[in-house]
Every structure is written in structure tokens, then in C-alpha cells.
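The values are calculated or read from the model by the stated rules, or taken from the named source; none is laboratory data. Note that the structure is predicted; figures quoted are calculated from it, not measured. FYI the Cβ positions are ideal-geometry reconstructions off the backbone, even for glycines, and counts take in every protein chain you see.
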Amino acid sequence: MLEVSFVRDDRGRLAAVRASGHAEYDQAGEDIVCAAVSAILQAARMGLELHAKIPLEASQERGALDMTWPAEARGDVSLVAIVRTAELAVRQIANQYPEHVRVGPASATSPPNPGK
């Protein structure tokens, strides 16, 4: 199961994105569900870093992605647009493949997801 959390702080602002696991829709290298979610989240990371110029604390490895940004950036219009668009897209995939992708709520105090 691929689990993705769009973390909000105590004021309801987007604070981080965490993803871990594998969709297991197909074998490694052939898994279109995992590839779709990965592409969306990697595009969001590039948009935040290269377009919006948001300083991220990020770690990425096989089966895990964690992106966090500073509190002062959480109201940035570009950040909100990029991350909300990614959230909408990932939720759509989760709705189509509920046995492979789960989007869960998380608070800013939730620990990062371990890689699986």
C-alpha cells in the first residue's frame, strides 16, 4: 500500500507531504499507479523548489518521500496552488485504486513516514 499524507499545521495550513510504501499494482518497473503518484509528487517538489522558490527540508529514497517547508512559507499562494493540485491529483488516483493508494490526514506533529 502506498500511503500519502498532506500534513496541515494547527492553523490548517499545508505544512508537509509524506509518502511511503509501494502501490503494488504491478511488479517494480511496471507499476503505473506507483509511477503516477511518484510523478505528481516529484513535479510538486520541483514546482516548490524551482518555481515558488520555497526552501524545503526534503528527503527522497526508493519508497519514501518527505517534504516540509517553513511556517512562514505556508501562506504562499504558489505553494498552496502547487500542493493542493498535487493533493487533488493523488486523491483522484486513490479513489480509482483504493486497494493500492491511501491518502490519510495528518497533523504537523505526526512523525515522518519510514521508507518501506
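Given (1) surrounded by 15 or more Cβ atoms within 10 Å (Cβ to Cβ); (2) among the β-branched types (Val, Ile, Thr); (3) free of Cβ contacts under 8 Å to residues at least 40 places away in the same chain, identify the lone condition not met by Val77. So the condition that Val77 fails would be (1). Within region 12-43, track down each residue that is buried (at least 17 other Cβ atoms within 10 Å of the Cβ) and polar (S, T, N, Q). Within region 12-43, Ser20, Ser38 meet the criteria.
Inside region 14-31, can you point out the residues that are closer than 18 Å to Glu87 by Cα and either without any contact (Cβ under 8 Å) to a residue 60 or more places away in the chain or touching a helix residue (DSSP H, G or I) at 6+ places or on another chain (Cβ under 8 Å) (or both)? Listed by number, the residues that qualify are Leu14, Ala15, Val17, Ala19, His22, Ala23. Scanning region 60-74 for residues that are in contact (Cβ under 8 Å) with a residue 24 or more places away in the chain and either over 16 Å from Asp9 (Cβ atoms) or of a type in the set (D, E, K, R) (or both) returns Glu61, Arg62, Gly63, Ala64, Leu65, Asp66, Arg74. Would you say Glu72 is surrounded by fewer than 16 Cβ atoms within 10 Å (Cβ to Cβ), charged (D, E, K, R) and over 14 Å from the mean Cα position of the chain (by Cα)? The answer is yes for Glu72.
What is the residue count in region 44-64 for residues that are more than 10 Å from the chain's Cα centre (by Cα), surrounded by 14 or more Cβ atoms within 10 Å (Cβ to Cβ) and assigned to a helix (DSSP H, G or I)?
Summing the residues that are more than 10 Å from the chain's Cα centre (by Cα), surrounded by 14 or more Cβ atoms within 10 Å (Cβ to Cβ) and assigned to a helix (DSSP H, G or I) in region 44-64 gives 3.
Going by the conditions given, is Val103 modelled with pLDDT of 95 or more and in a helix (DSSP H, G or I)? No: the conditions fail for Val103. Evaluate region 70-83: report whether one residue or more is touching a helix residue (DSSP H, G or I) at 6+ places or on another chain (Cβ under 6 Å), of a type in the set (A, V, I, L, M) and outside any helix (DSSP H, G or I). No - not one qualifying residue is present in region 70-83. Considered as a group, the residues in region 1-43 that are part of a loop (DSSP other than H, G, I, E, B) and acidic (Asp, Glu) include one that is nearest to the chain's Cα centre (by Cα), and that residue is Asp9.
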